[in-house]
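What follows is a short report on a single structure.
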Amino acid sequence: MKVQNNVSLYTGVECEDDVFLGPSMVFTNVINPRSAVARRDQYLRTLVKKGASIGANATIVCGHDIGRYAFIGAGAVVTKEVPDYALVVGNPARQTGWMSEYGHKLKFNEQSEATCPESGQRYELKNGRVAKLDQ
């Protein structure tokens, strides 16, 4: 895992191997914080799965898992679960495409297959999900 400057990992946040946390990105751990109300027993879990990258100044609202090799753009505000290999950007974050394990945007052909230009790994888009074909 690579954690850049100004990132805090709070109770409830779990990161798997090879996760990248960009500068000043933020995790929350309570949905409805109030300074006068103790909610330490209400922390929600957030799982950042293997290989995911979260860009600088992004915010991940607690209780929403980030899929394997997902790519969260700089400044994005994630308010729902992010699927494996998804590229999400904006506020609120919206999916705009799919990324390879090497961090390249995937371009799918008519057979719903794509190849990473750097690694040569092949991917398939099926039923709204991406899976790597070369294991």
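Other residues with beta-carbon under 15 Å from the beta-carbon of Thr96 carry, at +1 per Lys or Arg and -1 per Asp or Glu, a net charge of +4. Counting only DSSP beta bridges whose two residues both lie in the chain, roughly 45 percent are antiparallel. Over region 1-107, the pair-distance histogram of Cα-Cα distances with 10 Å bins from zero comes to 17, 50, 26, 6, 1 percent, rounded to whole numbers. A straight chain from Asp18 to Glu113 at 0.36 nm per residue would run longer than the Cα-Cα distance by 31.7 nm. Near Thr59, the amide H atoms lying under 5 Å from its own belong to Val26, Ala76, Val77, Val78; only residues 5 or more places off or on other chains count, and H is placed 1.01 Å from N.
At an R0 of 22 angstrom, the distance between the Cβ atoms of Asn6 and Leu44 translates into a FRET efficiency of 0.50. For the chain, a Gaussian network of Cα nodes joined below 10 Å ranks Leu87, Leu21, Leu44 by mean-square fluctuation, and the top entry is Leu44. Highest GNM mean-square fluctuation among Ile72, Ile31, Ile60, for the chain modelled with Cα contacts below 10 Å: Ile31. Phi angles of region 118-128 translate, via the Karplus equation with coefficients 6.51, -1.76, 1.60 and θ = phi - 60°, into HN-Hα couplings of 8, 9, x, 5, 9, 10, 10, 9, 9, 6, x Hz per residue; Gly and Pro are given as x.
We did not get these values from a lab; they are worked out from the coordinates using the rules stated. Keep in mind the model is a prediction, meaning the values are calculated, not measured. Don't worry about glycine lacking a Cβ; one is built from the backbone with ideal geometry, like all the others, and counts go over all protein chains shown.
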